[in-house]
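Written out below as structure tokens is the structure these notes cover.
The values are calculated or read from the model by the stated rules, or taken from the named source; none is laboratory data. For clarity, every value in this text was computed on a predicted model and none was experimentally measured. When we count neighbours, we look across all protein chains shown, and the Cβ atoms used for this are built from the backbone with ideal geometry, even at glycine. We work out accessible area using only protein heavy atoms, side chains counted, and drop any ligands, DNA or RNA first. Shrake-Rupley method; radii C 1.70, N 1.55, O 1.52, S 1.80 Å.
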Amino acid sequence: MAVFPASGYLSNSSRTIDQMKTAMEAQLATIKQMFSAEDGGVTVHTISGGSITPTSCITVVDTSGGTADLDRIDPTNMHDGAIIALWPASLPTNLVTVKHNQGGANEIILNQEGPGYTAGSRDFDLSSYTRFLMLKWDATAGEWQEWQRNVGHTWGRTIFTTSGNFIVPQGVTLVTATVVGGGGGGGGSYGTTGNGTNGGVGGASAFDTIGGVGGSKGFASTNTVFPTPGRGGSGVNGVNEGGHGQQGDATNSFFAGYGGHGGAGAWTIDNLSERFGHGGAGGDGHSGGEHGGGGGAGGGVSVKHNIAVTPGAPLTVTIGAGGTAGAAGSGSPAGNAGSVGVAGAVMVEW
């Protein structure tokens, strides 16, 4: 990192023009790399062998995947007294723990145990984007010393739409989980020479031991003595039942029946338009006038409050896939396929 010219350097009357130019450029470069200045922005460094080599004041710390410890910091690009801020890079999967007093050159010395520390130690984990740690380099002692920290909020929300791990933030001992299973797939409609197939069952979602059951399948319309409309899938209970898929419409001799609508997953987030665990629609009847397939059921929803958790612990999150779409019946004209159910989701609040 650039450093300011020494005190009295610029005011020395013996300085040449070229020396003054060089000193002014050094001063400009030093100012630009300060916090919030032009070159003081974020640089990302991945832990290797328990260490990083920062190049700017604001350092985002990442891992090669999963959890990792930061034992020491290489000061090659830093001057004595330099201050850096450490932020997490890829939560919740890549959790970094800053380790206290690991011994040897370039170690990190943290303050006494207190709010925001791992219980029973002086280590500090970067488990939230509102948590950061500021360290100052002491070249004489050969160590980084804690200068300031922010322990982050004790409330928040994380929404998972893919499976992974939830890392419990420091200071959090109780959470609420909302878990919704995947919606069932819609059934396909009958073709002139073959039946459609049923949709698939939605996958179950889970947070630790709390589950949301997937919605049941939508049934295909078939060629019986009088073609049977596809039946809607039944909702499957979590704690709150997902919506039932609607039965496919019957037809008369002139018009094809419409596929049934998929049942609603019993959860939206803050009334947003995105719905999770919604059942897939059934396939419409073909132009020859057949019945539509049934819609898949919405995924079941579980909501549980005051779940006891341990700060820093990883908890498994599983997201149920939407049920597969029922295939169209064969023939000319052929039937129509159903729609895939919408995948589930998990929301954790604290």
Inset, instruction - State whether one or more residues within the range 181-204 are of a type outside the set (S, T, Y) and not in a loop (DSSP other than H, G, I, E, B). - result: no
Legend entry - Failed item, numbered, when G257 is tested on (1) farther than 13 Å from G183 by Cα; (2) open to solvent by 10 Å² or more (accessible area, probe 1.4 Å); (3) modelled with pLDDT under 80: (2)
Legend entry - Search result, residues across the range 70-86 that are out of contact with any Pro (no Cβ under 7 Å at 6 or more places or on another chain) and farther than 12 Å from S56 by Cβ: L70, D71, R72, D74, P75, T76, H79, D80, G81
Inset, instruction - Being modelled with pLDDT of 65 or more and either open to solvent by less than 40 Å² (accessible area, probe 1.4 Å) or out of contact with any strand residue (DSSP E or B) (no Cβ under 6 Å at 6 or more places or on another chain) (or both) is the filter; apply it to the range 110-123 and report the residue that is farthest from I84 (Cα to Cα). - result: S121
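For the range 145-172, give me each residue that is part of a strand (DSSP E or B) and touching a Pro at 6+ places or on another chain (Cβ under 8 Å).
In the first step, residues of the range 145-172 are kept if they are part of a strand (DSSP E or B); the result is 145-150, 157-160, 164-167.
Passing the criteria: T158, G164, N165, F166, I167.
Given G277, G262, which one is modelled with pLDDT of 75 or more, in contact with a Phe, Trp or Tyr (Cβ under 9 Å, 6 or more places away or on another chain) and either of a type outside the set (A, V, I, L, M, F, W, C) or closer than 30 Å to T176 by Cα (or both)? Don't jump to the end; show me each part of the working.
Details: G262 fails: in contact with a Phe, Trp or Tyr (Cβ under 9 Å, 6 or more places away or on another chain).
Answer to the selection: G277.
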Legend entry - Tally, over the range 1-55, of residues that are among the aliphatic types (A, V, I, L, M), under 21 Å from T76 (Cβ atoms), open to solvent by less than 60 Å² (accessible area, probe 1.4 Å) and at pLDDT below 70: 2
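Just for the range 48-67: of the residues that are under 23 Å from the mean Cα position of the chain (by Cα) and hydrophobic (A, V, I, L, M, F, W, C), which one is nearest to G104 (Cα to Cα)? Lay out the reasoning, then the answer.
We begin by selecting, within the range 48-67, every residue under 23 Å from the mean Cα position of the chain (by Cα); these are 59-67.
Add one more test, that the residue is hydrophobic (A, V, I, L, M, F, W, C), and what stays is 60-61.
Details: V60: 23, V61: 21 Å.
Checked the range 48-67; the qualifying residue nearest to G104 (Cα to Cα) is V61.
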Inset, instruction - Take the range 330-341 and flag every residue that is buried (at least 24 other Cβ atoms within 10 Å of the Cβ) and either modelled with pLDDT under 85 or in contact with a Pro (Cβ under 8 Å, 6 or more places away or on another chain) (or both). - result: G335
Inset, instruction - Tally the residues that are farther than 29 Å from L174 by Cβ, touching a Leu at 6+ places or on another chain (Cβ under 8 Å) and open to solvent by 40 Å² or more (accessible area, probe 1.4 Å), restricting the search to the range 127-158. - result: 2
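Anything in the range 168-177 that is at pLDDT 85 or above and open to solvent by less than 10 Å² (accessible area, probe 1.4 Å)? List them, or say none.
Residues of the range 168-177 that are at pLDDT 85 or above, as a first pass: 168, 174-177.
Of everything in the range 168-177, those that are at pLDDT 85 or above and open to solvent by less than 10 Å² (accessible area, probe 1.4 Å) turn out to be V168, V175, A177.
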Inset, instruction - List the number of the failed condition for T59; all other conditions in (1) of a type in the set (S, T, Y); (2) open to solvent by less than 30 Å² (accessible area, probe 1.4 Å); (3) touching an Asp or Glu at 6+ places or on another chain (Cβ under 9 Å) hold. - result: (3)
Legend entry - Candidate set from the range 159-199 (those that are more than 26 Å from V342 (Cα to Cα) and of a type in the set (G, A, S)); member that is farthest from the chain's Cα centre (by Cα): G194
